Amino acid sequence: MAKILVTGATGQIGAELTLALRERYGTDNVIAAGHRREPSGTLAQTGPYCSLDVRDAAALEAVVTGHGITAIYHLAALLSAVAEEQPLLAWDINMNGLLNVLESARKYRCQVFFPSSIAAFGPGTPPFNTPQDTVQHPSTIYGITKVTGELLCDYYAHRYGIDARGLRYPGLISNQVLPGGGTTDYAVDIFYAAVKQRHYDCFLRADTQLDMMYMPDAIAAAVQLMETDASRLTHRNGFNVTAMSFTPAQLAVEIQKHLPDFTIGYTVDPLRQGIADSWPRHMDDSAARAEWGWQPRYDLPAMVDDMLRHITAKLRNK
Ligand code: NAD
């Protein structure tokens, strides 16, 4: 029986992934580990919950042994914009946290899921149809921790036989927990502003094209990859996955199809624009499609329709 630990469980991905895993593997078999922040009511009410700093190796090991953990979805990290403000802290959390997870996995033979990012690429990477295997020379501390994380996971797989797997997520769009300080956060913020004020002031330039994905697809991708028979995988970590690729201007046009009086303006934040400019525009995710059947369900129109319905209902019920 699988016993799963989710670190960073109160975050944008973790809050939804934990519930999806509980539905799939049973409530008591999925332990949500938050950090300092109080858990959302739902997480604490629907199954086991603990507070854990992933930099604390002994505390992590105690959770793994205490619950007989067989798989760790390691989501705890600092994201791109926050990491750039505090590079040393980002290195500490993103790298030492991952090392502690891999060491626990090595000692207690756990499977590991590690989410990498489009940030693992850099300005020298081909920006269109970015290949699965290509130049990875990121210029941000976040990207450096992600490419190092991919390499470490591969190392633990080859050296110790640890079943570590991972994806390169693009910007993720969701409607439950707000994003935690990434460069693609605009693609979530815009929906709240559109429903509330019919106007959004975007911190990226109108023509900044980036890969994106709706959260239901992001969760399905993680679960599908982790459940794939290992014999099908040529790669293990850092699978390119994308569902759509658009600019702020294109997203605004799609929102205007539902809210014709919506307007968008631009006050560019140089930090986040610089980060976005160093990332690819559109990845080639054919390796994920071929090796484990990756297939997104939501394109831009379907995502916008669903987001607007959820955010409108959420704000109405507040
Ligand atoms: P998030 O910021 O919403 O959540 C991260 C969580 O980590 C937070 O709940 C935070 O409390 C926790 N955390 C921070 N420091 C910690 C520590 N020392 N110990 C334990 N927990 C700690 O991020 P997210 O969007 O849910 O991202 C989860 C993972 O997916 C991260 O590794 C991120 O890099 C990756 N990712 C996210 C996106 C995206 O668009 N959201 C895209 C690509 C990759």
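The values are calculated or read from the model by the stated rules, or taken from the named source; none is laboratory data. Remember, it's a predicted structure, so these values are computed and weren't measured experimentally. Note: ideal-geometry Cβ built from the backbone for every residue, glycine included; neighbour counts use all protein chains shown. These area figures cover heavy atoms from the full protein model, side chains too; ligands, DNA and RNA do not enter into them. Shrake-Rupley method; radii C 1.70, N 1.55, O 1.52, S 1.80 Å.
Observations on the structure shown:
- Measuring with a 1.4 angstrom probe and ignoring ligands and nucleic acids, THR263 comes out at about 70 Å² accessible.
- Considering only beta bridges that DSSP places wholly inside the chain, some 10 percent are antiparallel.
- Distance histogram for the chain (every C-alpha pair counted, 20 angstrom bins, percent rounded to whole numbers): 34, 60, 7
- Carbon plus sulfur fraction of accessible area for segment 68-226, probe 1.4 Å, in percent: 56
- Compactness of segment 1-90, expressed as Rg and Dmax over alpha-carbon positions, Å: 13.1, 42
- Bridging of LYS314 to aspartates and glutamates at a Cα separation below 17 Å is possible for GLU16, ASP189, ASP305, ASP306, once same-chain residues fewer than 8 apart are set aside.
- Looking at segment 181-318, the accessible area is 40 square angstrom per residue; that uses a 1.4 Å probe and ignores ligands, DNA and RNA.
- Among the trypsin sites (Lys or Arg not before Pro) within segment 228-262, those in coil by DSSP and having at most 13 neighbouring Cβ atoms inside 10 Å are LYS257.
- Top positive-direction residue, dipole computed over segment 214-318 with Cβ charges, set PRO280, MET307, PHE239: MET307
- Among the listed pairs LYS3/LYS146; LYS196/LYS318; LYS3/LYS107, those beyond 19 Å (Cα-Cα): LYS3/LYS146
- Here segment 1-107 is treated with +1 on each Lys and Arg Cβ and -1 on each Asp and Glu Cβ, and its dipole about the Cα centre works out to around 320 debye.
- By accessible area with a 1.4 Å probe, ligands and nucleic acids excluded, highest first: order of LYS318, LYS146, LYS3: LYS318, LYS3, LYS146
- When the alpha carbon coordinates of segment 218-282 are projected onto the principal axes, the ranges are 51, 30, 15 Å, largest first.
- Whole-angstrom gap from segment 84-144 to segment 211-231, using each part's C-alpha centre: 17
- Area of HIS158 that stays accessible when all protein chains are in place (1.4 Å probe, Å², to 10): 150
- Order of exposure, largest accessible area first, which applies to SER245, SER278 with probe 1.4 Å: SER245, SER278
- Take the Cβ atoms of ASP207 and ALA290, set R0 to 41 Å, and the FRET efficiency comes out at 0.80.
- Cα gyration tensor shape for segment 130-281, rounded if a/c is under 1.5, else prolate or oblate: prolate
- For GLU150, net neighbour charge (Lys/Arg +1, Asp/Glu -1) across residues whose Cβ lies under 14 Å away: +2
- Divide the volume of the convex hull around the Cα atoms of segment 144-189 by the residue count and you get 92 Å³ per residue.
- Most positive-pole-ward Cα, VAL112, MET215, ASN29, against dipole of the chain from beta carbon charges: ASN29
- Dipole moment magnitude, nearest 20 debye, the chain about Cα centre, only Lys, Arg, Asp, Glu C-beta charged: 520
- Accessible area of VAL135 (1.4 Å probe, protein heavy atoms only, ligands and nucleic acids ignored): about 70 Å².
- By accessible area with a 1.4 Å probe, ligands and nucleic acids excluded, highest first: order of LEU225, LEU271, LEU178: LEU178, LEU271, LEU225
- Calculated [θ] (222 nm, deg cm²/dmol) that DSSP helices of n ≥ 4 give over the chain, each run adding -39,500 (n - 2.57): -13000 deg cm²/dmol
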